[in-house]
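The values are calculated or read from the model by the stated rules, or taken from the named source; none is laboratory data. It should be emphasised that the depicted structure is a prediction, and the values quoted were computed from it without experimental measurement. Don't worry about glycine lacking a Cβ; one is built from the backbone with ideal geometry, like all the others, and counts go over all protein chains shown. Only protein heavy atoms, including side chains, enter the accessible area calculation; ligands, DNA and RNA are left aside. Shrake-Rupley method; radii C 1.70, N 1.55, O 1.52, S 1.80 Å.
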Amino acid sequence: MVHHSILNSIGNTPIIRLSRLFDDPRCEVLAKLEMANPGGSVKDRPARYIVERGLAEGSIRPNAHIVESSSGNLAIALAMVCRIHGLSFTAVVDPKISPTNLHIIRCYGGKVDIVTEKDSQGGYLETRIKRVKHLLHEQPNRVWINQYANKRNWQSHYHGEGEEILRQLDRPADYLVLGVSTSGTLHGIARRLREAWPELKIVAVDAVGSVLFGTPPYPRDLPGIGASRVPELLQRDEITQVIHIDDYQSATACRQLVAREGIFAGGSSGSVIAAIQHLSAGLSRPARILTILPDRGDRYLDTVYDDDWLARMQERHLIRTTDISINATTGQTI
Ligand code: PMP
């Protein structure tokens, strides 16, 4: 089949059984490789869906200038989608953006607006949102994607991975284990799968130090999962269980994934693998566990795959897991 543009090659990602890393025949672990999308991540789906739906209904005009606060995969995906549709795109980022991502966004032709002032929390989140609102106010053709509140975010995964999984699998999974940030991926896939498989248990994987599920902030380096505010999209009552994983645990599991399965993945893939290792150790019956590997390893050469960084994260992990005063406040954390 010949595609008319790179955007038509988004989706139809493969599912791989991770039988080398999880070799207990009673525990079948299946991973859908969202890293195989052309922009390199699971965020290609919402970027395309939100922009194309907006263009079709007229809320995004052909001369629109798309704006979003993102320094990671969504910014890269939007830069790619906007290129094909002839739209301008600005990513509002902060100084913590990785030089690689900054470069990739610019390669796709996206503009980058870097805020430098810290907010009242000592981070950049509020400053970034303020900057987005300022940009919108400045020119009427600017449109904010607003991934944390935009329903089309989860809907893209409902019609995307959710639909595809039901076509790809011959029988239901028992558990769906997914990393969470905006919660769009989790809710979209979970809502579609539960229509067909009502017994499916939904396990959310959050980063230690994220405030998504009411645990206190703590230093964390890896982008992808976790958030420093609770997104409007998150519906806690649709989630069966939450597992927190720290940067060291994520990186260690990423290294196992490439060593055993030959899958070179990003930090949040390690987070879900570490969570499944924890979950499967406590199972009393055979189970089929389904997960998503959201992005590739290339953007993590300076973190996950760097030995000095890993040593620093190990130190932080040891302090966290041995300090009772921190431990007592971090909730359900492994
Ligand atoms: N993993 C990676 C690598 C991501 O970039 C994201 C999106 N920030 C997620 C997981 C979580 O996806 P969502 O925002 O849909 O919860």
Filtered hits (aspartates and glutamates, Cα-Cα < 16 Å from K130, offset >= 8 within chain) -> E68, D94, D113, E117, D119, E138
Under-5 Å amide H pairs with V143, H placed in peptide plane, nonlocal only: H65, I66, V67
If contacts are Cα pairs under 8 angstrom and at least 6 residues apart, what is the relative contact order of the range 202-334 in percent? 25 percent
Residues of type lysines that K96 reaches as a straight line, Cα spacing below 16 Å, ignoring anything fewer than 8 places off in the same chain: K118
Whole-Å distance, taken between Cα centres, linking the range 202-261 and the range 73-132: 22 Å
Give me the extension gain from H103 to A311: residue separation times 0.36 nm, minus the current Cα-Cα distance, reported in nm with one decimal. 72.2 nm
What figure, in Å² to the nearest 10, do you get for the accessible area of T100 with a 1.4 Å probe and non-protein molecules left out? 60 Å²
Under 18 Å from K151, Cα to Cα: lysines that are on another chain or at least 8 residues apart: K43
Quick one: among H103, H187, H157, which has the greatest mean-square fluctuation in a GNM of the chain with alpha-carbon springs under 10 angstrom? H103
What's the FRET efficiency of I16 with R53 using the Cβ-Cβ distance as r and R₀ = 30 Å, to the nearest 0.05? 0.50
Using the beta-carbon distance between D24 and E138 and R0 = 45 Å, what value does 1/(1 + (r/R0)^6) give for FRET efficiency, to the nearest 0.05? 0.20
What's the local net charge at H85, with K and R +1, D and E -1, over the other residues with C-beta under 10 Å away? +1
Stretch R260-E163 to full length: gain in nm at 0.36 nm per residue minus the Cα-Cα span? 32.0 nm
When every protein chain stays in place and a 1.4 Å probe is rolled, D306, D94 sorted by accessible area with the largest first are D306, D94
At most 15 other Cβ atoms within 10 Å plus a DSSP loop assignment makes a site exposed; report the longest stretch of the chain without any exposed GluC sites (Glu not before Pro). 1-116
Dipole size in debye (nearest 20) for the range 44-144 around its Cα centre, Lys and Arg Cβ +1, Asp and Glu Cβ -1? 120 debye
The range 78-220 - charge dipole about Cα centre, Lys and Arg +1 at Cβ, Asp and Glu -1, debye rounded to 20: 360 debye
Taking the alpha carbon gyration tensor of the range 44-144, what are the square roots of 5 times its eigenvalues, largest first, to the nearest whole Å? 23, 16, 11
Label-point gap, in nm, between A196 and N8 - each point 7 angstrom along Cα→Cβ: 2.5 nm
With charges only on Cβ, +1 for K and R and -1 for D and E, what is the dipole size of the chain about its Cα centre, in debye, rounded to 20? 640 debye
How far apart, in nm, are two points set 7 Å out from the Cα along the Cα-to-Cβ line at L125 and at M1? 3.9 nm
Fraction of accessible area attributable to carbon and sulfur, the chain (%, probe 1.4 Å): 50 percent
